[in-house]
1. Go through the stretch 119-141 and count every residue that is in contact with a Gly (Cβ under 7 Å, 6 or more places away or on another chain) and not in a loop (DSSP other than H, G, I, E, B).
2. Go through the stretch 277-326 and report how many residues are assigned to a loop (DSSP other than H, G, I, E, B) and not hydroxyl-bearing (Ser, Thr, Tyr).
3. Answer yes or no: is there a residue in the stretch 1219-1229 that is surrounded by fewer than 18 Cβ atoms within 10 Å (Cβ to Cβ), modelled with pLDDT of 85 or more, of a type in the set (Ser, Thr, Tyr) and assigned to a strand (DSSP E or B).
4. Does any residue of the stretch 303-311 turn out to be modelled with pLDDT under 90, more than 36 Å from the chain's Cα centre (by Cα), exposed (fewer than 15 other Cβ atoms within 10 Å of the Cβ) and under 27 Å from ASN249 (Cβ atoms)?
5. Mind telling me which of the residues ARG1244, ARG1230 ends up being of a type outside the set (Ser, Thr, Tyr), over 15 Å from ILE1171 (Cα atoms) and in contact with a Pro (Cβ under 8 Å, 6 or more places away or on another chain)?
6. Please pick out the residue among ALA1163, ALA1188, ALA1203 that is closer than 30 Å to ALA801 by Cβ and either surrounded by 15 or more Cβ atoms within 10 Å (Cβ to Cβ) or at pLDDT 90 or above (or both).
7. For LEU531, indicate whether it is assigned to a helix (DSSP H, G or I) and surrounded by 15 or more Cβ atoms within 10 Å (Cβ to Cβ).
8. Return yes or no: is CYS164 buried (at least 21 other Cβ atoms within 10 Å of the Cβ) and farther than 30 Å from TRP285 by Cα?
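The values are calculated or read from the model by the stated rules, or taken from the named source; none is laboratory data. It should be emphasised that the depicted structure is a prediction, and the values quoted were computed from it without experimental measurement. So basically every Cβ, Gly included, is an ideal-geometry build from the backbone, and we count neighbours across all protein chains shown.
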Amino acid sequence: MSKLEQMEQNDDNNYDTDLDDQIADQIDEYTPSRLTFDEKLAAHRSNRLNQTFGQINIPYESQLKIEKEINDETLVPLRCKTPHNITRVQMYENSCQALDITSDWQIRALLPYDTITIIDRPFSFNDFRAFATAIEGNLESLTLHSVGLTSRSVHVLCQALNQCVHLNLLDLSNNKIGKKGFESIVDTLSHLSSLLYLSLANCGMEDSYGIGIGDLCRPKKLLEINLSGNEFGENACIFIGNALTEHKNLSYLNLSWNLIRGVASIALFRGIEVNQSLTELDISWSGLSYDGSVALRRILIVNKVLQRLNISNCNIEWISAKLISAGLIKNSTLHILNLSYNPITTHGVQYIVQALNVKTSAVSMLDISGITVFTSTVRLAEKIAQRRSFIMKYDCEMPVHDILGRETATKGDSMRKVIQYIDERRWRTLEYFRMLDKNNKLQLDKKSITLNIVKSGVPLQTEDIQNIHKRLTRTTSQPLTYKNLNTIFNDQRRRDLSLKARQEKQTKDMRKHNRKILQTVSHHFPDIEILECLKLIASTRFTDKRIGYLGAMLLLDERQDIHVLITNSLKNDLNHSNQYIAGLALCALGTICSPEMSRDLGGEVEKLMKSSNPYLKKKAVLCTVRIIRKVPEQFDVFQNSVRSLLSEKNHGVLLSAITLITEMCEQNHQALQVFRKLVPNLVRILKNLIMSGYSPEHDVSGISDPFLQVRLLRLMRILGRNDIEASEIMNDILAQVSTNTENTKNVGNAILYETVLTIMNIKSESGLRVLAVNILGRFLLNNDKNIRYVALNTLLHVVQADHSAVQRHRATVVECLKDADVSIKRRAMELCFALINSNNIRTMINEMLTFLGTCEQEFKADCTSNMFLAMDRFSPSKRWHVDQMIKVLTTAGNSVRDDIVSSLIGIISSSPDLHGYTAQQLYKFIRDDITQQPLVQVASWTLGEFGDLFVSGQYQHTEDEENIQVTEGEIVNVLEKILNWSLSTVITREYAINALMKLSTRFPSCSDQIQSVMTVYACNMNLELQTRAVEYTSLFTKHNSIRSSIVERMPVLMNNQPSTTNNEEQTYEQEDSSSITGINSHITSDIKNEPVEDLFKILDEPSSTNTGNEFNTENNLFDLLNSNNQQSISVPNPLDDIFGNDLLKNQSIIINGKTSSIPSMTAIDKNGLRIIFQFERQDNILFIHLHATNSTKIPITNFVFKAAVPKTFNLELLPPTSTTIPSNNSGDLRQTIKILNSNKDKLRMRIKLNYLYNNSSISDEAELNTFPEQCYN
């Protein structure tokens, strides 16, 4: 068999294995001889070419036929049965051998054809060198998109392309080619005489590349060029513009995402102005601005071939749009214009559309997406569409308003239309009257007058006719005469003139005031300019006050002293008789009020709260909310007024009042106690809302005022927290809301969600809590992804409060793991781990293993870590634990954190009965597959430590397992294979080389083989491997006598988190349900970052710690409770160590001059730091006096002590005497811990220490469970 036949056979084996013979025959049947360039170019521009690298291009119709019969989302490289030229493959393989690199099968599959497309496939420099040697002159199309081309690679590629005289398509986009690569491409273009399409988009080309930029556009046959996404500026546009003046075939130019502005745009457009072949131009995202619009107007007037123009996102304002519209009026060739996402405003759009409303315009498509247009503009576009094919894309339309905020299209406009119709034709009123008086009776009948007006040709709608009839008949009861009609027309004209003059004056004044305010902003708000706003506020006109208050709210705040000058004006306007002026003052006061201003004007605001005007009352209540936020002590001023607001009938006022009460309760503890007495009133209001009938004003999807219901539920949640009496009053209404609210629409779901939060946050009944959890369970079955996410997030907080109720919905939560939404999948995974206990550990681990095998890569690391923690806590046996962890490692692959590897090694080390069994199981997995690095690391360590037990069979066999017989040499060969595999990480190789050294004494027959491996690696390039190999080699030669003692088995490794029995864990959970165990440490850390604050409040918060310093330690306590590095410390009394007996246990200890019968306790004695607890008890209050000493020679600084206890205790940390502990026991640090133990439960505490030692930050944690019994009994 010849070499060519062997190559063809190998190619068939390598590339056709994924398709059976039938499909291959179908593909061969549909494969044409060759594509024309027009077909390739059309497919390229319409994205018909498959984006998978290595995909051979076949006609679009044939692809459709194949896709119908081949239902496979993963496309494999297709190839014809008879390639054009097989020698390219031979040349490529020879080059790869010469360069000592592995040939790429995708490139080999593509080389025999004249069209090569490679996308998103990075190659090295040597890969391109080998590829370039295989390129021949008959290549027609080359696309290398995002393949990692550099200047060197481009230079090599261009040398090969110089001979490709038939090349008509070249696409090198999304590659950083550099300046030298750019110069190579420019030189190559002079040889490519057949090139029709060139794409160098996103190639990082800069404006400084010089005249060569213009040479890109000079090939005479070039039809299309794409230079988008580069950094072309003024120089580049000059060169490109000069090249366009000489080009006669270029039809498409894309310069989007470049720096084309100012002079650059003018230079470019001069070239386009002369060019007579360019039909499509794309300069979007280029920032043309005003200068570019001036040049663009010239193009639209002069150029007669441009058909498509894209200038979206070019910072074109309304004045620029006016210039463009001037060019569009005289243009007759442009078909498509894209102006989307430009700040041209509604007036600019009106200019553009008016310019298109000419007979010579040929524009059929106008895209102004992202811009609001006038209703009148839309009507004009509809008229254009009636005459010719025309489409306008826009966001939304709005009616035209005048300067006073009123719509210009009012009912009075009906008569104005008649007058305008007469004036346009220059008719006198008498002439028009004679036209209406066809019978020459010199008077018009009331019934026929409107009919005659319509017949006269005035364009009126039905509403206009009715308005005119009412207007004419209201003026006089007699038949209408000429005199009456003339009077009506003259009155209307006078009103129009008066209104126009008034509007022009107001517009002039407003522009003047706005100009002053803008000058203020541009000069960084100097105080002298703010006085302009104060002058406007002092004016008597409403329009002036409105502008003045707006400027004050934008420019002033409480940090500027000048804001006090507005106090007197605010006081006057608050007492103004005009409700709108008083409303402006209230809005301004709520925005800029300072504590002093709040105290000065609080009385005026309180008076307005008692007003009978609902508008003012609502504004006053909202202003009070802002005042309470600034000065919570003002609660006393508004207390009585707020009570009366709860009896309001107006829902807007009532909603504002509920908001105010909520703010008061959150800011002031005294207010919380006062308003708890109003809980029955709130319950009554909520009940009335539920039981009330249909009210059109407040009904939303069949529910009466859901906004008020939500606010009431939030307030009840605050008032009922930690208050049994208030919670009992709320129980019935909460149950009623939960059962009577429909959950078919989002409005009902929002109310149910707030109800659930309220139930879980107050002292509610257990049955009500179960009902709340069931509501969340129903949310999980909803089709809306947002509702399912909220349910999972809430259950994640609720699970600690009512674990058994959430367990009922475990199956539904597990189903959520299959959801396509990533956020839902993550929350479901975290909730599944929170639901794991000793009863369901086997079932849940199987479910999570299934999820681990199918989930995205980003989930695998978190999932494996949480599975390990769950099994470490609840595993029924060590053997099951080890088996499941091996399954986790094999399923997760390389997505396993390093701490899991070390923890599993510790578990294996601490289980002597499983040493041989574990070695056997791990050997089975790595015997044929060493790609999974974490699994290989664990296996290497295990075989190194216990490989001899596995070989000798010294372990307990199970009946159903395969009995494997291996030799010592086989194990050594596997470890050597791991060590020599090129893809093994450095850490894996370190495990392997250590394991081989361990086996050198356990397997004496393989000692020479292992020594030779160490000798080879003594010259390794990696410093760590080289160091170890050199040290191990010396053990074989110089120190062979002590080698066996050095590499003996390691002692049992103690796990950082000692696993406890299931009974102990269950007891701990019952006693400390608020503490968050290691299983949920990762879950809780994610939950803390959730933006939904109310969801977080469902959790039972741990006992707060008050350190005397005014800062919040909640996050620190959660970090402490979530720590994965806990230590259980049980240290005997230090006095026992001194005397060796319990003589001093019953002796008294003097603390602060008082005698205590409770023995002291050593909490920490580590690294020279010693902390002793001395106890003093008064009824249910325990005082722990902390004494910290330092026996080292360096003082300890920045010492911080933190503590957390179960939720049944109340803990308070008093300030320490210092933050520094002197060296050499020359002094101590003291701190007192105060604990209230009302239930006399057994005391447990978790502590965390942070300090600086020798300028190094040190953190230590411990769990204390051995407090003297006298502390709590």
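1. Selection size over the stretch 119-141: 0.
2. Count: 16.
3. No - not one qualifying residue is present in the stretch 1219-1229.
4. yes
5. The unique qualifying residue is ARG1244.
6. Testing whether each residue is closer than 30 Å to ALA801 by Cβ and either surrounded by 15 or more Cβ atoms within 10 Å (Cβ to Cβ) or at pLDDT 90 or above (or both) leaves just ALA1203.
7. So LEU531 fails the test.
8. Considered against the rule, which asks whether it is buried (at least 21 other Cβ atoms within 10 Å of the Cβ) and farther than 30 Å from TRP285 by Cα, CYS164 comes out as yes.
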